[in-house]
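These notes are about the structure you will find just below.
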Amino acid sequence: MAQTASAPSTATPPAEQVPGRRVLVGLSVLILVLFAVMLATSHDVSYDTSTARINDAYDVSQTTSQVSAYGGMAFVALLLFFGAALRGALRRSAASWFADSAFLGFAALAATFASWIVTDVAMWKAVDTGTESTIRAVATISDAGFLPLMASMMALYVGTGLAGLTTRSLPRWLAIASVIIGVISPLGPLGVIGFMLLPLWIVAVSAWVRLDA
């Protein structure tokens, strides 16, 4: 019996769903608020910070420590959601592997913040047990925690900027500014610029990125 060849499917695959403007702006505003809260309640601990000062900073209840940690992890999750949403928006006009770099940058940024929260909880437990050697060890690790931040900021800033330029999904001035901020992120103290501008930049990107094809 002769076999009938099946005709190739001509169905058009569904377009990639992109969150609306309200979703993007809503996520960015939540990130801005939590970033401000975390910055206001954080402790600047380095390897040479005195043990007495560390004990004073972390002399809080277990409930306070847990609430801070849970709020921080919610912030981490918001970064992942926003990074995925922004990737979809950047690829809406045209495909670009730079959008993937931006998303991976947000993923690395979320992992960096998560490591800070873990270190913060570890410091609270070290202070609670009163072991000075452990406090000094955690303080040394905390002091080096800024290094992964440089790499993640470079990926998300530069990736977003180049994706915005190649797909025209961002205003040219915002795309170029993003690339510049990302390039200077690994340059020692200049990395603080990208860190402090991060929540405002996220709000600006969510407000200006093109959502139409």
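The values are calculated or read from the model by the stated rules, or taken from the named source; none is laboratory data. Note that the coordinates shown come from a computational prediction; the quantities given were computed from them, not determined experimentally. Note: ideal-geometry Cβ built from the backbone for every residue, glycine included; neighbour counts use all protein chains shown.
For segment 35-57, what are the residues that are hydroxyl-bearing (S, T, Y) and more than 20 Å from F146 (Cα to Cα)?
Hit for segment 35-57 is T51, nothing else.
Which members of segment 86-100 meet the condition of being among the small types (G, A, S) and crowded, with 22+ Cβ neighbours inside 10 Å?
Passing the criteria: A89, A99.
Which one of these is over 16 Å from N55 (Cβ atoms), within 13 Å of the chain's Cα centre (by Cα) and in contact (Cβ under 8 Å) with a residue 60 or more places away in the chain: T112, T140, T160, T166?
T160
Would you confirm whether or not segment 163-186 contains a residue that is among the hydroxyl-bearing types (S, T, Y), buried (at least 21 other Cβ atoms within 10 Å of the Cβ) and closer than 19 Å to V25 by Cβ?
The answer is yes; a qualifying residue exists.
Which of the residues spanning segment 169-192 are over 30 Å from D212 (Cβ atoms), in contact (Cβ under 8 Å) with a residue 12 or more places away in the chain and assigned to a helix (DSSP H, G or I)?
If the condition is that a residue be over 30 Å from D212 (Cβ atoms), in contact (Cβ under 8 Å) with a residue 12 or more places away in the chain and assigned to a helix (DSSP H, G or I), then G191 is the only one that fits.
Please go through segment 32-55 and give me each residue that is in contact (Cβ under 8 Å) with a residue 24 or more places away in the chain and in a helix (DSSP H, G or I), ordered by number.
Passing the criteria: L32, L34, F35, A36, V37, M38, T41, T51, I54, N55.
Which residues, counting only those in segment 130-140, are at pLDDT 85 or above, under 19 Å from S65 (Cα atoms) and surrounded by fewer than 16 Cβ atoms within 10 Å (Cβ to Cβ)?
Selection gives T134 alone.
Looking at segment 75-103, I want the residues that are assigned to a loop (DSSP other than H, G, I, E, B) and have a partner that is crowded, with 22+ Cβ neighbours inside 10 Å and modelled with pLDDT of 95 or more with Cβ atoms under 7 Å, at least 6 apart or on another chain. Which pairs are those?
From segment 75-103, the pairs are S96/A163.
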